[in-house]
1. What residue, among those in region 130-153 that are in contact (Cβ under 8 Å) with a residue 60 or more places away in the chain and in a strand (DSSP E or B), is surrounded by the fewest Cβ atoms within 10 Å (Cβ to Cβ)?
2. Just the residues that are in contact (Cβ under 8 Å) with a residue 60 or more places away in the chain and more than 18 Å from CYS44 (Cβ to Cβ), please, taken from region 66-95.
3. Which of (1) surrounded by 20 or more Cβ atoms within 10 Å (Cβ to Cβ); (2) in contact (Cβ under 8 Å) with a residue 40 or more places away in the chain does THR118 not meet, given it meets every other one?
4. Quick check: anything in region 101-123 farther than 25 Å from ALA35 by Cβ and of a type in the set (Lys, Arg)?
5. Hey, among the residues in region 50-94 that are in a helix (DSSP H, G or I) and among the hydroxyl-bearing types (Ser, Thr, Tyr), which one's surrounded by the most Cβ atoms within 10 Å (Cβ to Cβ)?
6. Within region 176-210, track down each residue that is under 16 Å from PRO128 (Cβ atoms) and not hydrophobic (A, V, I, L, M, F, W, C).
7. Could you identify the single residue in GLY47, GLY27 that is surrounded by fewer than 14 Cβ atoms within 10 Å (Cβ to Cβ), closer than 24 Å to LEU145 by Cβ and in contact with a Ser or Thr (Cβ under 6 Å, 6 or more places away or on another chain)?
8. Name the single residue, out of those in region 154-208 being aromatic (Phe, Trp, Tyr) and surrounded by fewer than 16 Cβ atoms within 10 Å (Cβ to Cβ), that is modelled with the highest pLDDT.
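The values are calculated or read from the model by the stated rules, or taken from the named source; none is laboratory data. As the structure is a computational prediction, the values presented were derived from the model and not from experiment. Neighbour counts are summed over all protein chains in view; Cβ atoms, including those assigned to glycine, are modelled from backbone coordinates with ideal geometry.
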Amino acid sequence: MIDKHTQQLINKGEMLPLMEEFYTIQGEGFHSGKAAYFIRIGGCDVGCHWCDVKESWNADLHPPTLTNNIITNVKKHAKTVVVTGGEPSMWNLDYITKSLKKIHIKTHIETSGAYHLTGKWDWICLSPKKTKLPLPTIYPKANELKIIVVTKNDFKFAEEQASKVSDNCELFLQPEWSKRKKMTPLIVEYVMKNPQWKISLQTHKYLNIP
């Protein structure tokens, strides 16, 4: 049971249910190949059956951590932070982004868009899920749209989502890891016919890094 004081700090974003933090190479999407410090926050109710971090779903399993301690660790390693989850937009992210920007660290987020987005972001990667669609307010803010392709039906879903983002938004199709051998050739064919899309691969898995 979280005490009242801790809950107040969580509400203000001065504590977050940290699942893990690590310095690595961004493996997916527009910034693939770049060094970044990842902050994975617990808690998610979107419920993707193919999620590879299901242990992140229950926020209660991940103890509230002082945000200032996370920021101290960031400063040792990186100039770019990627906040991910779980679903990070379930939490107040104003404090962490404000603090990171004060020390000139770029702020990136990966979100399903299912919750109101807080914080100030240099890059917003929107990865919509059919189980809980993004809020309408997130689409015009997205710098990158990343659709996970599990079946052929996901191409239609991708186009539906792409119609809602800005013209400047980068569009990516990414094969779900366990279906990559089947879906990657279809994605290649689709992108060649629809060159507004790009292919995203989970290169960190090929490189065997976090």
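1. Taking region 130-153 and keeping what is in contact (Cβ under 8 Å) with a residue 60 or more places away in the chain, we get 131-132, 143-144, 146, 148, 150.
Still in the list and also in a strand (DSSP E or B): 132, 144, 146, 148.
Numbers: LYS132: 17, GLU144: 22, LYS146: 22, ILE148: 24.
Once the filter is applied, the top-ranked residue is LYS132.
2. If we filter region 66-95 for residues that are in contact (Cβ under 8 Å) with a residue 60 or more places away in the chain, which is where we start, we get 85-86, 91-95.
Hits for region 66-95 are ASP94, TYR95.
3. If we test THR118 against (1) surrounded by 20 or more Cβ atoms within 10 Å (Cβ to Cβ); (2) in contact (Cβ under 8 Å) with a residue 40 or more places away in the chain, just (1) comes out false.
4. No, every residue in region 101-123 fails to be farther than 25 Å from ALA35 by Cβ and of a type in the set (Lys, Arg).
5. First pass over region 50-94, keeping only residues in a helix (DSSP H, G or I): 54-56, 59-61, 67-75, 88-90, 94.
Going one step further and asking which of them are among the hydroxyl-bearing types (Ser, Thr, Tyr), we end up with 56, 67, 72, 89.
Numbers: SER56: 23, THR67: 23, THR72: 10, SER89: 27.
It comes out as SER89.
6. GLU176, SER200 - these are the residues of region 176-210 that are under 16 Å from PRO128 (Cβ atoms) and not hydrophobic (A, V, I, L, M, F, W, C).
7. Working: GLY27 fails: surrounded by fewer than 14 Cβ atoms within 10 Å (Cβ to Cβ).
Answer to the check: GLY47.
8. Here is the first cut: in region 154-208, the residues aromatic (Phe, Trp, Tyr) are 155, 157, 172, 177, 190, 197, 206.
Cutting the leftovers down to surrounded by fewer than 16 Cβ atoms within 10 Å (Cβ to Cβ) gives us 177, 206.
Working: TRP177: 94, TYR206: 83.
Filtering first and then ranking leaves TRP177.
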